[in-house]
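Everything on this sheet refers to the single structure shown next.
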Amino acid sequence: MTAKPKINLNMLEQILSSRHKDEDFNTLAQLPKPDQLKDCIKAAKRVVHAIQNGENITIVGDYDVDGIVSTSIMVDFFDEINYKVEYIIPNRFEHGYGLSKKIIDMIDSGLVITVDNGISAYDAATLCKNKGLDLIITDHHTVGDIIPEAYAIVNPKREDCNFPFKDICGAQVAWYLCAQIKKELNSNVNMSKFLDLLSLAIVADIMPMISLNHTMVKYGMQYLLKSQRPSFIVLNQMMQKSKYVADDIGFFIAPRINSAGRLEDGSIALNFLLAKNISQAQDAFEYLTQLNNQRKEIQNNITAQAIEQVDENDNVLVVYNDNWHEGVIGIVASRLVEQFNKPAFIFCANNDILKGSARSGENDIHLYELIDQVKEYVIGFGGHKSAAGLSIKKEKFNLFKEAINQVKLEKQTDMIDSNILGEIDLNCVNFDLINLLYKYEPYGLENTKPKFTISNVSASNISYMGKNKEHLKIYIKSSTRTYEAIKFNNTIKIDKDDILDLVVSIGENEFRGNTKIQFLIEKITVQ
Ligand SMILES: [Mn+2]
């Protein structure tokens, strides 16, 4: 680790404010307009035509948070303008990802609108055409060499799209299309009522937390807190927060919504978000919590097995097992990235085909481009910089693993190290510091949560929490007070006599109206 400066409050304010000094779109009123998205007007006009002619409209979403939120925004919007639409969240196990033949077989006529998927649905687009279905693709994933044949394609990553900020999520694209439809219809739907939902998708899809994403999540989390959606009333009751931070979404809310599609069916989570009353929302929420607990157990088992297989000398971690659960391999990849600080590919089997999920974390490695360089071994792939999905033939596994490890990686920064702002003196840690950290929320990709080193401390009251005692809790002392510090998924054994160097982020723990300062430990080194 390189030597870090000692941080005080003034320095911290300077560092954090400088991150945003050249940014556009700092208020909701400054957000770019929907017509800046290529094809958005064309698509909206087609939708209005469909409404006027009473055509069937079918929304096709995805089973992750972004896809589910995209779908719920669309469904809710059409509800607001009093037009009944059909919607389908593909089932990962039954239909696979995105618009596919099996999904098109379920649609008889009219207009199909994809949300958070579709940009790689070449064959499905042709099937739609042959079946006389008009297709509007809204997506945000990387546009490949071939573009599907569709009536309109709204995707900021199109080369010919001049939208001023490219890294928005699927739900934002869907929201923008709704905003344009609203305009075409001269309707009075308040588009800001969707910001609560949008904040979930932007955080969960790991969009860069800068520029318009920062603004939308910042305000979205405030809307979330006072949201009148039954689902969010239930959520707020459970969370008991006076304010939200991005990690509340990332660690607590998103995993529950994701667990539906990972283990069973994304519609369960969609029904939660669209619940019409508190009791419906309550039931759906309890079920999601159950699924999420199951998901954790499966994931912990697979993570342990995957770690055993990892070859630490590889630049890119590639592991595979026949019996791994397809729904959790993406998270397992994230856990490997955390532990080894390298891009990770986790595969599970589907007959002779291996389905894989890749994560690059906060490394400067572009996964889509990385896979593109070894695409001769790949059947199909899609995704973006920090997350991707792919499939390969089982017999090509070793070749793929070898080839991807031959690719010269552009740049590999130490993820944790490069995000550390400096050494923090425990005597400087007080609520002034906490408030300053909150002021620059939400944090995320490209605007990382401030991390600090704390050197030469010892731990008291060492304890372990969680079902498998996987989380570590310790107390550390300044000259005047004692702080709680948590390490999730701890792998290091420590003793009360050990002298420790820590990398931490600092936040609050709100519990039953009591607020205390809490450290989240990223890394522990025993001296
Ligand atoms: Mn997405």
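The values are calculated or read from the model by the stated rules, or taken from the named source; none is laboratory data. It should be emphasised that the depicted structure is a prediction, and the values quoted were computed from it without experimental measurement. Cβ atoms come from the backbone with ideal geometry, glycine included; neighbour counts cover every protein chain shown. The protein model used for the area step is the full one, side chains on, heavy atoms only, and it has no ligands, DNA or RNA in it. Shrake-Rupley method; radii C 1.70, N 1.55, O 1.52, S 1.80 Å.
Here are the numbers:
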| read-out | value |
| --- | --- |
| Residue match in region 438-447 (condition: out of contact with any Phe, Trp or Tyr (no Cβ under 8 Å at 6 or more places or on another chain) and assigned to a helix (DSSP H, G or I)) | yes |
| Lone unmet requirement of (1) under 23 Å from Met239 (Cα atoms); (2) buried (at least 18 other Cβ atoms within 10 Å of the Cβ) for Pro343 | (1) |
| Those residues of region 160-175 which are within 14 Å of the ligand (Cβ to nearest atom) and open to solvent by less than 30 Å² (accessible area, probe 1.4 Å), in sequence order | Ile168, Cys169, Gly170, Ala171, Gln172, Val173, Ala174, Trp175 |
| Where Asp196 falls short, out of the listed (1) open to solvent by 10 Å² or more (accessible area, probe 1.4 Å); (2) among the acidic types (Asp, Glu); (3) within 16 Å of Leu270 (Cα to Cα) | (1) |
| Test result for Glu423, closer than 27 Å to Met207 by Cα and surrounded by fewer than 17 Cβ atoms within 10 Å (Cβ to Cβ) | no |
| Among the candidates Ala281, Ala269, Ala260, Ala254, residue that is assigned to a helix (DSSP H, G or I), in the same structural domain as His95 (by TED's automatic domain parsing) and either in contact with a Ser or Thr (Cβ under 6 Å, 6 or more places away or on another chain) or without any contact (Cβ under 8 Å) to a residue 60 or more places away in the chain (or both) | Ala281 |
| Unique residue being away from the ligand (no atom under 16 Å from the Cβ), modelled with pLDDT of 95 or more and not in a helix (DSSP H, G or I) when the list is Lys38, Lys42 | Lys38 |
| Gly67 being in a loop (DSSP other than H, G, I, E, B), within 16 Å of the ligand (Cβ to nearest atom) and either among the aliphatic types (A, V, I, L, M) or open to solvent by less than 40 Å² (accessible area, probe 1.4 Å) (or both) | no |
| Subset of region 45-64 that is farther than 15 Å from Trp175 by Cα and assigned to a helix (DSSP H, G or I) - its residue that is farthest from the ligand (Cβ to nearest atom) | Gln52 |
| Which numbered condition Ser357 misses (of (1) part of a strand (DSSP E or B); (2) out of contact with any strand residue (DSSP E or B) (no Cβ under 7 Å at 6 or more places or on another chain)) | (2) |
| So Lys157, is it surrounded by fewer than 24 Cβ atoms within 10 Å (Cβ to Cβ), assigned by TED's automatic domain parsing to the domain that holds Ile81, assigned to a helix (DSSP H, G or I) and basic (Lys, Arg) | no |
| Complete set of residues in region 312-354 that are in contact with a strand residue (DSSP E or B) (Cβ under 6 Å, 6 or more places away or on another chain) and assigned to a loop (DSSP other than H, G, I, E, B) | Asp322, Trp324, Lys342 |
| Residue in region 101-144 that is nearest to the ligand (Cβ to nearest atom), counting only those that are farther than 26 Å from Met207 by Cα and among the hydroxyl-bearing types (Ser, Thr, Tyr) | Thr126 |
| Test: Asp24 is away from the ligand (no atom under 16 Å from the Cβ), assigned to a loop (DSSP other than H, G, I, E, B) and either open to solvent by 20 Å² or more (accessible area, probe 1.4 Å) or within 30 Å of Pro230 (Cβ to Cβ) (or both) | yes |
